[in-house]
Amino acid sequence: MTAAPPPASPPLAPQPECPLLHVDMDAFYASVMIRDRPDLHDVPVVVGGGHRGVVLSANYPARRFGIRSGMSGTEARRLCPHAVTMPPDFTLLTPVSKAIMETFRTVTPVVEVTSLDEAFLDVRGAGRLFGSPEAIAERLRARIRAEHGITCSVGIAATVSVAKARQPAGQAGRGAGDPTRPVRRRGAPPRRRRPLRRR
Ligand SMILES: [Mg+2]
């Protein structure tokens, strides 16, 4: 007597192999602080770095002088004495950050906010409604630009560490601010995945 064939298992929904997005606003503090100041868009602007402080953010004209976030204000002034320096205005920055994080939550409930301008999104469950991780990344970049007038970079990967590690080489460094620039898929072997916390 032959054994009955095993019951067919129900088909699994296809899962993207790279379901994590790391979204990082480009020069967030500087971008928001000068958003409504077109007179400052093409001049070097440094946020933070006042008396003995560190630079929180530098716009792209300032970065051309080598100024980077985390650098001392003294070093930034040495590199570019004529840069416009301003303190961060959190009454301006915090609401923009909160609104952007809410935009992320319209795509997936699994959002881990890691700072005012960065978050990881697990988009595994969002494919049916919003398409591939690449399509979701493009949608988010377009919305953030349209609604908040700032740009962001998105890393796509299978793991949190790779999504973030590959980020700066993506949109943020060269050609940042170009919303037509494609989102890059980060090729990486699947590894143990750190679960994201729901917030
Ligand atoms: Mg950033």
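Coordinate-derived values only; no laboratory data. These numbers were taken from a predicted model, which means no experiment stands behind them. Here the Cβ positions follow ideal geometry from the backbone for every residue, glycine too, while neighbour counts run over all protein chains shown.
A few comments on the model shown:
- Placing unit charges on the Cβ atoms only, positive for Lys and Arg and negative for Asp and Glu, gives segment 31-86 a dipole magnitude near 200 debye about its Cα centre.
- Sorting 57-67, 71-81, 89-99, 145-155 by their mean Cβ neighbour count within 10 Å, with the most densely packed peptide first, gives 57-67, 145-155, 71-81, 89-99.
- Backbone N within segment 94-119 under 12 Å of label point (7 Å from Glu147 Cα along the Cβ vector): 96-108
- Taking a point 7 Å out from the Cα of His51 in the direction of its Cβ, the residues of segment 72-110 whose backbone N falls within less than 18 Å of it are 72-75, 77, 85-89.
- Per-residue HN-Hα couplings for segment 106-117 [Karplus 6.51, -1.76, 1.60; θ = phi - 60°; Hz; x = Gly/Pro]: 6, 9, 8, x, 9, 10, 10, 7, 9, 6, 4, 10
- Relative to the current alpha-carbon distance between Tyr60 and Glu102, full extension at 0.36 nm per residue lengthens the span by 12.4 nm.
- Note on segment 31-86: Cα-only Rg and Dmax are 9.9, 28 Å.
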